[in-house]
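What follows is one structure encoded as structure tokens, with my remarks underneath.
The values are calculated or read from the model by the stated rules, or taken from the named source; none is laboratory data. This is a predicted model, so every value here is computed, not measured. As a convention, Cβ positions derive from the backbone with ideal geometry for all residues, glycine included, and neighbour counts pool all protein chains shown.
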Amino acid sequence: MKKIPKHIITASILCVFVVAAVIYLAIVFRSAKQEEPIYAGPGVTEVRKLSYWFPGLANTSGDTDVYILDSGVPGASMLVLGGTHPNEPSGFISAVMLVEYCRPKAGTLYVIPRANNSAFTCTDPQEAAPMKFYIDTDGGTRAFRFGSRATNPIDQWPDSEVYVHASSGQKLSGSETRNLNRAYPGREDGNLTEKIAYGITTLIRNEDIEITVDLHEASPEYTTVNAIVAHEDALELAALTLWEVEDSFQISVEKSPTNLHGLTHRELGDFTDTWALLMETANPSQGRLHGRIDSDLVVSGKDKFYTRAATYGAVTVPYTESGISLSERCARHITCLVQFAQQYAFVGSEGDLDLGDMPTYRQILENGIGHYLADAQ
Amino acid sequence: MLKFVYLAIVAFVLVLITVNMFRKKNNFFFQLDAAIVMVTLLLRLLLIK
Ligand SMILES: [Zn+2]
């Protein structure tokens, strides 16, 4: 009998390993599609899919839950977008907190915790980011996905070399093709990311949303951080809010640049009647200077390299060894949201918006954001 | 449409690498390299990652 050559045997064995690795990794990566539960709280009156407003999103990974918290008292409406960038967890968790805790007393609150649902199903390449992070609630620990800045390439691929923003013709790097916050106002017949943007724009138009707030985070060395970016129509509202919150924490207001396209604070203000605002907190797990990235870094915001970088003046926000916790970052977002609603009464014309009994900045810091989330079930 | 063109390219490269892996004599590390590359290409071809 002819002997099988050695290299054929090694190649065959390797093929078995390849198949085993692919099966194992398929299970791991598929698990990222499993949505973490969000428990509709006492204020939620209805949950709809974004495809209700734009049916083109039905049965795609861009379709996402829209939570409606109708107080029953006529008044103004606000839309809160969390998870535009799922690698910026304070936006997502603040939105989840609204869904699970908030009980508006006047007007209507719309919350989309996973604005880019597809981007929750993967992480950014080369970042070694964890797939999940863990928050302690009063009744156990809950896991949340740490996602990617951009739509999963499985859902939208390949990227073009240059991304041309449809309505302005602005040219950006090809990787921005999958960035939801460069796709507004979106396109009905565009790529998935543009379709998601179109869905959100349509919701705002059809429901006559008065205020839209897009929640973000940025690295501590970035310049636009601890900031409210406001479309010119929303600038007065942002300024009033600044006055109210600056006793609790330092924050700045920036006017949305007119020549930077595709972003919520520019296009939603230009293409709809909503007052468009965007907020940024400082997220040490997002920058370029952090050490090992894991759930602990995401939640505690403590990183020894950022502490060191701060002593060299390389960080644009106050940063000490106590870090910038997720609770603190959510507290900023939530405090400003409450104020946007309150201050609207002074500058808006569509009636009141009252988010009800919400914790103060100090209370969220003291009790932790987990205290205001539903228990693990 | 473009997605399927790219997937066809991935499939073509995957076939070449597999054929090469079986042809390479006396170089286990080349074969190991090929196997690692095959994993990533298969994950994309099957639209898993
Ligand atoms: Zn962002």
Those residues that are aliphatic (A, V, I, L, M) and away from the ligand (no atom under 14 Å from the Cβ), I need them from region A:229-238; list them, please. A:Ala230, A:Ala234, A:Leu235, A:Leu237, A:Ala238
Checking the conditions here, which among A:Val96, A:Val66 is in the same structural domain as A:Asn179 (by TED's automatic domain parsing), more than 16 Å from the ligand (Cβ to nearest atom), within 11 Å of the chain's Cα centre (by Cα) and of a type outside the set (Lys, Arg)? A:Val96
So which residues in region A:239-267 are assigned to a helix (DSSP H, G or I) and either without any contact (Cβ under 8 Å) to a residue 60 or more places away in the chain or outside the structural domain of A:Ile112 (by TED's automatic domain parsing) (or both)? A:Ala239, A:Leu242, A:Trp243, A:His265
Per the filter on region A:207-220, residues part of a loop (DSSP other than H, G, I, E, B) and within 15 Å of the ligand (Cβ to nearest atom) are A:Ser219, A:Pro220
Can you tell me how many residues in region B:1-40 are in contact with a helix residue (DSSP H, G or I) (Cβ under 7 Å, 6 or more places away or on another chain), closer than 30 Å to A:Gly190 by Cα and facing chain A (nearest Cβ under 10 Å)? 1
Look through region A:143-163, keep the residues that are more than 14 Å from chain B (Cβ to nearest Cβ) and out of contact with any Phe, Trp or Tyr (no Cβ under 7 Å at 6 or more places or on another chain), and return whichever of them is farthest from the ligand (Cβ to nearest atom). A:Val162
So, of the residues in region A:121-134 that are in contact with a Phe, Trp or Tyr (Cβ under 7 Å, 6 or more places away or on another chain) and in a strand (DSSP E or B), which turns out to be nearest to the ligand (Cβ to nearest atom)? A:Phe133
Being over 23 Å from A:Ser349 (Cα atoms) and either outside any strand (DSSP E or B) or more than 15 Å from the ligand (Cβ to nearest atom) (or both) is the filter here; which residues of region A:272-285 pass it? A:Asn283, A:Pro284, A:Ser285
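Applying the selection to region A:308-363, what residues are in a loop (DSSP other than H, G, I, E, B) and within 14 Å of A:Val80 (Cβ to Cβ)? Before you say what the answer is, go through the steps one by one.
As a first pass, look at region A:308-363 and keep what is in a loop (DSSP other than H, G, I, E, B): A:312-325, A:348-353, A:355-360.
Result: A:Leu353, A:Leu355, A:Met358.
Go through region A:1-37 residue by residue and tally those that are assigned to a loop (DSSP other than H, G, I, E, B), in contact (Cβ under 8 Å) with a residue 12 or more places away in the chain and within 11 Å of another protein chain (Cβ to nearest Cβ).
So the first thing to find is which residues in region A:1-37 are assigned to a loop (DSSP other than H, G, I, E, B), and the list is A:1-5, A:32-37.
Among the residues that remain, those that are also in contact (Cβ under 8 Å) with a residue 12 or more places away in the chain are: A:32-33, A:35-37.
Now narrow it down to the ones that are within 11 Å of another protein chain (Cβ to nearest Cβ): A:32-33.
Final tally of qualifying residues: 2.
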In region A:364-377, what residues are within 23 Å of the chain's Cα centre (by Cα), on the phi < 0 side of the Ramachandran plot and either assigned to a loop (DSSP other than H, G, I, E, B) or surrounded by fewer than 20 Cβ atoms within 10 Å (Cβ to Cβ) (or both)? A:Leu365, A:Asn367, A:His371, A:Leu373, A:Ala374, A:Asp375, A:Ala376
Subset of region A:286-315 [modelled with pLDDT under 95 and either in contact with a Gly (Cβ under 7 Å, 6 or more places away or on another chain) or within 16 Å of the ligand (Cβ to nearest atom) (or both)]: A:Gln286, A:Gly287, A:Arg288
Given the options A:Leu172, A:Leu180, name the one that is within 23 Å of A:Ser51 (Cβ to Cβ) and within 15 Å of the ligand (Cβ to nearest atom). A:Leu180
